[in-house]
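S.K.: A single structure is presented below for examination.
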Amino acid sequence: MVLLHVLFEHAVGYALLALKEVEEISLLLPQVEECVLNLGKFHNIVRLVAFSPFSSSQVALENANAVSEGVVHEDLRLFLETHLPSKKKKVLLGVGDPKIGAAIQEELGYNCQTGGVIAEVLRGVRLHFHNLVKGLTDLSACKAQLGLGHSYSRAKVKFNVNRVDNMIIQSISLLDQLDKDINTFSMRVREWYGYHFPELVKIINDNATYCRLAQFIGNRRELNEEKLEKLEELTMDGAKAKAILDASRSSMGMDISAIDLINIESFSSRVVSLSEYRQSLHTYLRSKMSQVAPSLSALIGEAVGARLIAHAGSLTNLAKYPASTVQILGAEKALFRALKTRGNTPKYGLIFHSTFIGRAAAKNKGRISRYLANKCSIASRIDCFSEVPTSVFGEKLREQVEERLSFYETGEIPRKNLEVMKEAMVQAEEAAAEITRKLEKQEKKRLKKEKKRLAAVALASSENSSSTPEECEETSERPKKKKKKQKPQEVPQENGMEDPPVSFSKPKKKKAFSKEELVSSDLEERAGSGSLPKRKKSLSSPVSDPEESGNKKIPKKKRKLSPKEEPLSSGPEEAAVSKSSGSKKKKKLQKLSQET
């Protein structure tokens, strides 16, 4: 008996389900449709055999791309080979997509089936999948589907990053729409302003020029010789400007009010702005065509090439079309009408707008259209699949079409295609080398600018980091100087009574003093009140007052500091001042000891 299995691809992984006997289910298709909505009944006909979840979202995206393209991924191959029975003839595998079914049957050898009962079973599996797999909730399954859908769509959109033919399709569609709208609006301006100045319609044929003149002239009775120069600028023809001036003096038009003129002028300005935008859009289209399809635009022009790409849907689709399809692209209605009525099929479609067909004789139009379609097919394939876009091949193909036209007219034999393509290959290699050199130069310039910018940023950050400790040192030195300046003011207020000695060293260093040093310090304290004014007079420079006054309380302790404690001083200048003040104090202490 043949065992029927169903393969179900979900955003979270692959699932393989087994069904009951094939004969029973195939005969009871209406009952299967009824059981799909009921979970209990659906469990009676379907059983989950295996489930293989995807390890990451990237793996899920790879498998989704493979399934959509009809390719058997390595994960799917391993999953099927592991869980399906080894006897392949007794296994019937149901799949939803015929492409992936054909690929599985070709590579793995399993018989695949689509449609009928399989479609109904897959519909039920899709509905009850979160109940069939343990640990999977409806919310998590919906989140996985949403995430995979976004990543799949994003990957498809990013597929054509360099070949942005979507912009060409939109531009040519907008250009055609603008042509229709500008034509309609210009006819409205002609009819509206023709009530006032009907002779202007016969003199000026161009729509944009007519709207500019209607905006400039306004009331025809105000037109005089002074405005003749401006009329010549707008019409670019002195004879037409003179004819407009003469016609305004003898016009048969009706008089018009000021408010009507204001509306006509405002509407004319809108039409003029639309025509200017149309010109800028055409320039944009030419630049995009030179980037995306340079060979095709060099062969038949930017407008016709863009219409071919838009009608095919993309440049890739146009490259896949044969030359016979490109020849009648745009004339599908005439083709099917001719096939239906068994009449003559059309000879050309969109390529009729090319200049080559218009230049050919009536008997040669079909021949040149067939030849031109052949060259357009070659040019579109070169543009689609070449790495470096260049217009060399398009120019060479255009030369071939010109030679074929002259051959139809004069009989001059054209060059062979092999010779022309060899020349084109040589020139294309040179052009590609030049383009690569330009790109390399641009890349070097960009890298240099980037290095300069990074160096400037690093220099600025180093300056900021170096300026911060200096600022901290300045802020730490300022309060010290203030304290030293305040100490001499406190001495006379306390009548010579000094506070306990304050030193920069740690308070534990008091234990290192001997008895003799303590006696000498007591003598200094007793004589401090009487000898204080003399000390101030004996000082030579006023700059050293704050430093000396700050250091006078601890002359002995300064001498007893160890070499390890010397770096505690704030700088070399203070160290020098402290040494000079210490030597002076030694002399004064010796004098005091001799007097006593």
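The values are calculated or read from the model by the stated rules, or taken from the named source; none is laboratory data. Note that the structure is predicted; figures quoted are calculated from it, not measured. All Cβ positions, glycine included, derive from the backbone under ideal geometry; neighbour counts span all protein chains shown. In case anyone asks, the SASA skips ligands and DNA or RNA and just uses the protein heavy atoms, side chains included. Shrake-Rupley method; radii C 1.70, N 1.55, O 1.52, S 1.80 Å.
S.K.: Specify the residue that is nearest to the chain's Cα centre (by Cα); the eligible residues are those in the range 406-438 that are within 23 Å of residue 323 (Cβ to Cβ) and open to solvent by less than 30 Å² (accessible area, probe 1.4 Å).
M.R.: 428
S.K.: Follow-up question, since we're still on this one. State all residues of the range 295-307 that are in contact (Cβ under 8 Å) with a residue 24 or more places away in the chain, in contact with a helix residue (DSSP H, G or I) (Cβ under 6 Å, 6 or more places away or on another chain) and surrounded by fewer than 24 Cβ atoms within 10 Å (Cβ to Cβ); if no residue qualifies, say none.
M.R.: If the condition is that a residue be in contact (Cβ under 8 Å) with a residue 24 or more places away in the chain, in contact with a helix residue (DSSP H, G or I) (Cβ under 6 Å, 6 or more places away or on another chain) and surrounded by fewer than 24 Cβ atoms within 10 Å (Cβ to Cβ), then 298, 304 are the ones that fit.
S.K.: Output yes when any residue across the range 280-291 is surrounded by 21 or more Cβ atoms within 10 Å (Cβ to Cβ), touching a residue at least 12 places away in the same chain (Cβ under 8 Å) and not in a loop (DSSP other than H, G, I, E, B), and no when none is. Lay out the reasoning, then the answer.
M.R.: Narrowing the range 280-291 to residues surrounded by 21 or more Cβ atoms within 10 Å (Cβ to Cβ): 285, 289.
Adding the requirement that they be touching a residue at least 12 places away in the same chain (Cβ under 8 Å) leaves 285, 289.
Then drop every residue that is not not in a loop (DSSP other than H, G, I, E, B), which leaves 285, 289.
Within the range 280-291, one or more residues are surrounded by 21 or more Cβ atoms within 10 Å (Cβ to Cβ), touching a residue at least 12 places away in the same chain (Cβ under 8 Å) and not in a loop (DSSP other than H, G, I, E, B).
S.K.: Also, I was wondering about something else. Hey, any hits in the range 360-377 for a residue that's open to solvent by less than 30 Å² (accessible area, probe 1.4 Å), closer than 19 Å to residue 171 by Cβ and among the charged types (D, E, K, R)? Show your work before the answer.
M.R.: So in the range 360-377, the residues open to solvent by less than 30 Å² (accessible area, probe 1.4 Å) come out as 360, 364, 366, 368-369, 372-373, 375-377.
After this cut, where a residue has to be closer than 19 Å to residue 171 by Cβ as well, the list is none.
Scanning the range 360-377, I find no residue that is open to solvent by less than 30 Å² (accessible area, probe 1.4 Å), closer than 19 Å to residue 171 by Cβ and among the charged types (D, E, K, R), so the answer is no.
S.K.: Which condition number in (1) at pLDDT 85 or above; (2) assigned to a helix (DSSP H, G or I); (3) open to solvent by 10 Å² or more (accessible area, probe 1.4 Å) is the one that residue 89 fails?
M.R.: Condition (1) is where residue 89 drops out.
S.K.: Only one of 395, 403 is surrounded by fewer than 21 Cβ atoms within 10 Å (Cβ to Cβ) and free of Cβ contacts under 8 Å to residues at least 40 places away in the same chain. Can you tell me which?
M.R.: Details: 395 fails: free of Cβ contacts under 8 Å to residues at least 40 places away in the same chain.
None of the others qualify; the one that does is 403.
S.K.: Sticking with this one: Just to be sure, is residue 106 out of contact with any Lys or Arg (no Cβ under 8 Å at 6 or more places or on another chain), farther than 21 Å from residue 145 by Cβ and either assigned to a helix (DSSP H, G or I) or modelled with pLDDT of 85 or more (or both)? So that I can check it myself, show each step before the final result.
M.R.: Working: out of contact with any Lys or Arg (no Cβ under 8 Å at 6 or more places or on another chain): yes; farther than 21 Å from residue 145 by Cβ: yes; either assigned to a helix (DSSP H, G or I) or modelled with pLDDT of 85 or more (or both): yes.
Spelling it out, residue 106 is indeed out of contact with any Lys or Arg (no Cβ under 8 Å at 6 or more places or on another chain), farther than 21 Å from residue 145 by Cβ and either assigned to a helix (DSSP H, G or I) or modelled with pLDDT of 85 or more (or both).
S.K.: Which residue is least open to solvent (accessible area, probe 1.4 Å), if the candidates are limited to the range 181-223 and must be out of contact with any helix residue (DSSP H, G or I) (no Cβ under 8 Å at 6 or more places or on another chain) and of a type in the set (S, T, N, Q)?
M.R.: Here the residue is 184.
S.K.: Among the numbered criteria (1) in the same structural domain as residue 309 (by the TED database); (2) among the aliphatic types (A, V, I, L, M); (3) not in a helix (DSSP H, G or I), which one does residue 298 miss?
M.R.: (3)
S.K.: Also: Exactly one condition in (1) in a helix (DSSP H, G or I); (2) more than 15 Å from residue 271 (Cβ to Cβ) is false for residue 196; which is it?
M.R.: Unmet condition: (1).
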